[in-house]
Amino acid sequence: MKVVTWNVNSIHARLDNVLNWVEANDPDILLLQETKVVDQEFPIDDFGDLGYDCVFTGERSYNGVAICAKDEIHEVKKNLPGDGPEAQKRLIAGRIGQLRVASVYVPNGQALDSDKYPFKLEWLARLRAYLPELTRPDQPFLISGDYNIAPADLDVWDTKAMVGSTHVSPPERAALAALQEFGLVDAFRLLEPNKRQYSWWDYRAGCFQRDVGLRIDLHLVSQALVPRVRRVTIDTQARAEEKASDHAPVILELSDA
DNA sequence: ATGGTAGCAGAGCTA
């Protein structure tokens, strides 16, 4: 089984790239972030033509998450408890067969002195508090997406250049560690303890061509899934395409239960 | 190079 997480940076602007990629790679489950469309405008027919059922929660211009799957999606939950209708659309969860999945778009934080930074930390704390309502540690569960946090220095192109920036600050990494303390494992790092590979590269200043990037797109899998993790592939080829997202899709391959 | 590019929206914000 193939599960993919991909921050597409607008599903409308990226529709051809995404559909072509999905046809070529044939994932069972697709977890999308930054769809940037209201629910009425999500391209369900295009995914339907490829055989996918989609659920989503989105808004105009910013944020937006989705789950697309070949099998039926059950028990769909959108956003965090206490989120009103105006809340940023950053989380969607569901169950496909026995597997519980969630697509997450963690706030960027912008800068350590921005009011968006405490919002990021508070949002992560709320997500941590919500985990017991999404699953139990012994269930097959994964929560994947754009965490906007590089877990360790090995996930950063240049730690010195990142001093004083978001994505690497100790409070952010502590918030990610708190999520993992629920029993969630970074699947890429599980299989590749020493590999340096990124999932996001800034559009500016030729960052992709220079491999100036961060690994911030993660598959966090429950203990029950750990023995089933076969391979994790960051498809940097997709980032090199014309009109590419600034994030690469990350493919998680699981063996059967 | 305190810049650079991309998306949305149609100026400035977000990333």
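Each value in this text was obtained by applying a stated rule to the coordinates, not by laboratory testing. For clarity, every value in this text was computed on a predicted model and none was experimentally measured. Here the Cβ is made from the backbone with ideal geometry for all residues, glycine too, and neighbour counts use every protein chain on show.
Some points to look at:
- Here is the figure for the stretch A:209-250: residues that are surrounded by 19 or more Cβ atoms within 10 Å (Cβ to Cβ) and within 15 Å of the chain's Cα centre (by Cα) total 15.
- Of the strands (runs of 3 or more DSSP E) lying entirely inside the stretch A:169-257, those containing at least 1 residues that are within 19 Å of A:Pro27 (Cβ to Cβ), away from DNA strand B (no atom under 16 Å from the Cβ) and in contact (Cβ under 8 Å) with a residue 12 or more places away in the chain span A:217-222, A:229-234, A:250-254.
- Per this entry, A:Glu23 is not counted among residues that are of a type in the set (D, E, K, R) and within 10 Å of DNA strand B (Cβ to nearest atom).
- Residue in the stretch A:33-43 that is closer than 17 Å to A:Gly94 by Cα and part of a loop (DSSP other than H, G, I, E, B) present: no
- Pairs meeting the criteria (first residue in the stretch A:142-165 and under 27 Å from A:Thr35 (Cα atoms), second residue among the small types (Gly, Ala, Ser) and surrounded by 15 or more Cβ atoms within 10 Å (Cβ to Cβ), beta carbons under 6 Å, at least 6 apart or on different chains) are A:Ile143/A:Ala102; A:Gly145/A:Ser103; A:Val156/A:Ala150; A:Trp157/A:Gly213.
- Enumeration of residues in the stretch A:220-257 that are touching a Ser or Thr at 6+ places or on another chain (Cβ under 6 Å), among the hydrophobic types (A, V, I, L, M, F, W, C) and over 17 Å from A:Ile96 (Cβ atoms): A:Ile234, A:Ala248, A:Val250
- Selection count, the stretch A:126-141, where residues are in contact with a helix residue (DSSP H, G or I) (Cβ under 8 Å, 6 or more places away or on another chain) and closer than 14 Å to A:Ile92 by Cα: 3
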